[in-house]
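Encoded as C-alpha cells, the structure appears first; notes follow it.
Laboratory data are not the source of any read-out in this text; all were calculated from the coordinates shown. Quick caveat, the model's predicted, so the values are computed rather than measured. Note that each Cβ is placed from the backbone with ideal geometry, even for glycine, and that neighbours are counted across all protein chains shown.
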Amino acid sequence: MSDEFAVRAEGLDKRYGDKRALDGFDLTVRRGTVHGLLGPNGAGKTTAVRILSTLVRLDGGRAEVAGLDVAREPRLVRSRIGLTGQYAAVDEVLTGRQNLEMFGRLFHLGGRPAQQRATELLERFGLTDAADKGVGKYSGGMRRRLDLAASMILSPEVLFLDEPTTGLDPRSRGEVWESVRALVADGTTVLLTTQYLEEADKLASRITVIDHGRAIADDTPDGLKNTVGADLIEVVAAEVADLPAVAKVVARVCAGEPETDDLERRVHAPVADRVAALTEVARALQDEGIGVEDIGLRRPSLDDVFLQLTGHRSVAEEAA
C-alpha cells in the first residue's frame, strides 16, 4: 500500500449476526488532510472507524493505518493514532491541566514529561487561561477542545474524529473547527465522521459517502456537488397564490423543470447561464407584476448530494 495514504482500506467486511455492517468497504485518506466520511445512520461509519482504530476486528478485507496493518499490528497502530468519540471523555472534577497530565501518565510519559506535554497542549488549543479551572465550568466548545488535546498526547499521525461537534452551539463548533485546522497544519491526518454536512464542506478536502456498508461516492466537496447538476435559481414568492405564476416564468427562462415548495413559497430550477437567467427572471417577474420576497442563485449543497445518493436528507437537515 502506498505511503501517499495515511489510511487505506480495501474490501472491509464486518458482520454482527445476520447484519452486515460493512460490505466490501474501500477508503483511501491522503496524508496531512481532513477526509470526511458521511452516511445515514446505520450506514457503517462508526464500524469503519472502530476497525481502523483497532477497537473491532474485521471479518474480511485489509486495512493499513500509518503504514501498519490493523489486523496484524494493532498495538503499533494504537501508538500512532488518536481517537475522539462523539462525547467528551474528560473528568469534570479535575482541572484541564490535571486531565491532560492524567492522560499523559496513562500513556506512560512519566511525571515531568506529562506536565510539559499538558502545558504545550493547553497553549496549542487556547486553554491556557482556563488550565487550572475545573472542567465542570468549561463551555461545550472548551470541553471538546480539551478532549481533542487529550487525543493528541502522543502526537498521533492519524486522528479519528467521530462526530466531534454533536450537540455544540455554532460558536463552540467553530472553535473545534479551528482546532482541527491547526492540527492538520501541523501534519496530522484527520478522518472525520459527522452528521453536519456544513462541517464536512468546510473542513474536508475529500469526502467519502458510505451507505449499506459500501462506499458509494468519493470526491472533493465541489466534485460531489457537480454530480447533482447545474446551479439553481431560487425565487421566494410574496404569496402562496403567486407560486403558479412564478413557476411559469421560471420554466420559460430556465433549462430544467422548476420545483415548487408550497410551505416555503419557493420555486427553484437549474440554470446554465447564471447571471443572464437571474436578470431575465427578475425582469419578467417585474413586467408581469408578480411580487416576490427574494430571488437569488445558489450552488447545489452537500445535502443535495446526500439526498441524491442515499435517497433522504442528513440527520441534521431532517432535525432542522
Problem set entry | Computed over segment 230-299, the ratio Rg/Rh where both radii use C-alpha atoms and Rh is Kirkwood | 0.91
Seminar exercise, completed: Which of Ala66, Ala237, Ala130 fluctuates most in a GNM of the chain (C-alpha springs under 10 Å)? That residue is Ala237
Exercise. Under a 5 Å amide H to amide H cut-off, with H placed in plane at 1.01 Å, what residues pair with Ala217 once short-range neighbours are removed?
Worked result: Val209
Exercise. Quick one: Debye curve from the C-alpha atoms of the chain, no solvent, what's log10 I(q)/I(0) at q = 0.07, 0.10, 0.11 Å⁻¹?
Worked result: -0.37, -0.68, -0.78
For this session: Rounded to whole Hz and in sequence order, give me ³J(HN,Hα) for segment 183-193 from the Karplus expression 6.51 cos²θ - 1.76 cosθ + 1.60, θ = phi - 60°, writing x for Gly and Pro.
Result: 4, 5, 4, 8, x, 6, 9, 10, 9, 10, 9
For this session: Using Cα centres only, tell me the gap between segment 109-131 and segment 289-311 in whole Å.
Result: 46 Å
Problem set entry | Counting DSSP beta bridges with both ends in segment 142-279, the antiparallel % (nearest 5) | 75 percent
Problem set entry | Inter-label distance, nm, simple model (7 Å from Cα along the C-beta direction), Ala185/Asp231 | 3.1 nm
Seminar exercise, completed: Beyond 21 Å (Cα-Cα) in this structure, taken from Lys202/Lys225; Lys45/Lys202; Lys14/Lys225, we find Lys14/Lys225
